[in-house]
Each structure stands twice: as structure tokens, then as C-alpha cells.
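Report on one structure; see the data block that follows.
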Amino acid sequence: MDYSKANGRIFTKLNGREEAMTYVLSLGGSIVAPPEGPDVEFMLRFRAGLASWLDADASRRIILVVGGGGPARTYQNALREFWRLRGEGPSGGAAKDADLDWLGIAATKINAQFVKAAMGELCEDEVVTDPSGPIVFTGKVLVASGWKPGFSSDYDAVLLAERFNATTLLNLSNIAKVYTADPKLDPAARPIDEISWEEFRGMVGSVWKPGANLPFDPIASARAQASGVRVICAAGRNIPNTIAILDGRPFEGSTIGATNAEGSARSRR
């Protein structure tokens, strides 16, 4: 198997002919189900945009890996408060982290089921809950949830990118770009257009904490770097921008692991 690019779109060449590659999107739970509840208006626009894009080429397929969003944080915060009131302290090692992760995973499953139902006839198969197990993909869209403790659904998206030979993963969240620091805390923070995996991992660290609010999971980042998968972070509610990325057209976002990043972040001044 070898790879080539045509008109900005990535293809996989199988048996001497080119076929459109399966696209993997890590769909942030914060845009599917914010704290106030599932965003129906977003799902209407998102489904319409994807359906139109998929209809334009019969060989196109998309995998959506859905995060936990508002429900995950609601239950995780409630459990942390329960522990606090019992005098157990804010943390309790791996066992408590696993409990928090399992709550997050449960939230990804209900969000993923919502997305699957919203996709209707585009998604013919059951929600994938284990990216390492048997997977049936007969429709145009496949939906996946979180898997097990120790990382976020970003990691599951990387595993699915590897499995379906996707060299680029689109990470859709409530931020338009990765910044050099948290812009809410640092007024000097700058948006980044391109950054190497080495520098990005230096920013986010190497440890996963349940409910962490990061552009991309540190554990998933290590796996993506090792696998040669690049990640594009972009604002998920901007549907035309998402379609531009899928088409290989100019877009607003940050590319992690860009081949021309040359080991240092490039940002707009």
C-alpha cells in the first residue's frame, strides 16, 4: 500500500487504483452536548453538511469518534464533590482516576448513540465501543465512543486512524486553533498554525487526567506521533471550515505534526 495526494485530498492506493480514504473525525463532546444539553441545532447543520459532502463522491466515508462533553464533566464533578464531602480528598490514585474515566466513557456512549441516531441512514452499523475489536463498516458514516480508562476518546480516534489507514485526523472542538498558552489566562498567548509533535507534546505534557481540558490528549499525541498521524484542530461548529478541510482547501485551524513545521511552532503575528 502506498499513499499519494491529489488536489489536496488524501488517497489510498490499493491494487494499483486510487480510492478515497476514510476520514476520521474526533468530535468533541463539548460541541455535541455542552453543559446546557445536546445541541440539536448544531447536529442539524452538521448532518446536513456531512450528507452533502458524502453525496458528492460515492467512495467517501467518515468515522466520527464522539467525546463526553457536558455530561462527562457533570458526573465527574459530582463524584469529586462526593469524595470531598466524605473527606476523601480531591484525588485518590489510579482507582479514583479510573472511576472518573468510566463516567466519562459512559457519557461518550450516550453522546455517540445520539450522533448515530442523528445520522440516520448514513450510519447503518452499531456504535464502536472497542477500536481494537471486530468492526463492521457498511454505511457512509461510522460512529465510535470512548473505550477504556487511561486516555480520552482522542486516543480511540488515533487507533481508528491507524486501522483505516488515515494519515490525517480532524479534531473538532470548541476552539478554532491551538494557542501557545491558555488565552484566558495569558494575554500574550498566540494562535498556532503549525507545530511539530515534539513541541506540542512539550506543551501538553505526557500524563492524562480525567476531564482534562486540552487541545489533544497527551496519550493520544504520543500514539499519533509514533504512528505518523498528523492532527488538524479546528472549531467544530464552523461547518463550512470542516468541509474545506475535508476537501483539502484553505482552512482555519492548527496542524500538529505538519511536515514543514521543522520542529517549531509557526503562528500568526
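Here are the numbers for the structure shown:
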| quantity | calculated |
| --- | --- |
| Amide proton proximity set for Ser196, modelled H, under 5 Å, gap of 5+ | Gly257, Gly263, Ser264, Ala265 |
| Among the listed pairs Lys148/Lys209; Lys96/Lys148; Lys184/Lys209; Lys116/Lys140; Lys96/Lys177; Lys116/Lys148, those beyond 23 Å (Cα-Cα) | Lys96/Lys177 |
| Exposure proxy ranking, count of Cβ atoms within 10 Å, fewest first, for Val128, Val207, Val66 | Val207, Val128, Val66 |
| Within a Gaussian network of the chain (alpha carbon springs, distance under 10 Å), most fluctuating of Ser227, Ser26, Ser254 | Ser227 |
| Local electrostatic count at Val65 - Lys and Arg +1, Asp and Glu -1, tallied over other residues with Cβ under 9 Å | -2 |
| Choice from Ile105, Ile135, Ile232 showing the highest fluctuation, given a GNM over the chain with Cα pairs closer than 10 Å | Ile135 |
| Mean separation of Cα contacts under 8 Å, 6 or more apart, over the residue count of the chain: relative contact order % | 21 |
| Two-site FRET efficiency, Arg163 against Ala222, from Cβ-Cβ distance with R₀ of 22 Å, rounded to 0.05 | 0.80 |
| Equivalent-ellipsoid semi-axes of region 2-267, from the Cα gyration tensor, Å, largest first | 29, 23, 17 |
| Distance cut-off 24 Å, percentage of C-alpha pairs in region 66-188 lying past it | 41 |
| GNM result for the chain, Cα springs below 10 Å: residue of Thr167, Thr138, Thr129 fluctuating most strongly | Thr138 |
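Bear in mind that the values in this text are calculations on the coordinates, not laboratory data. Worth saying up front: this structure is predicted, and the values here are computed from it rather than measured. With ideal geometry, Cβ positions are generated from the backbone for all residues, glycine too; neighbour counts draw on all protein chains shown.
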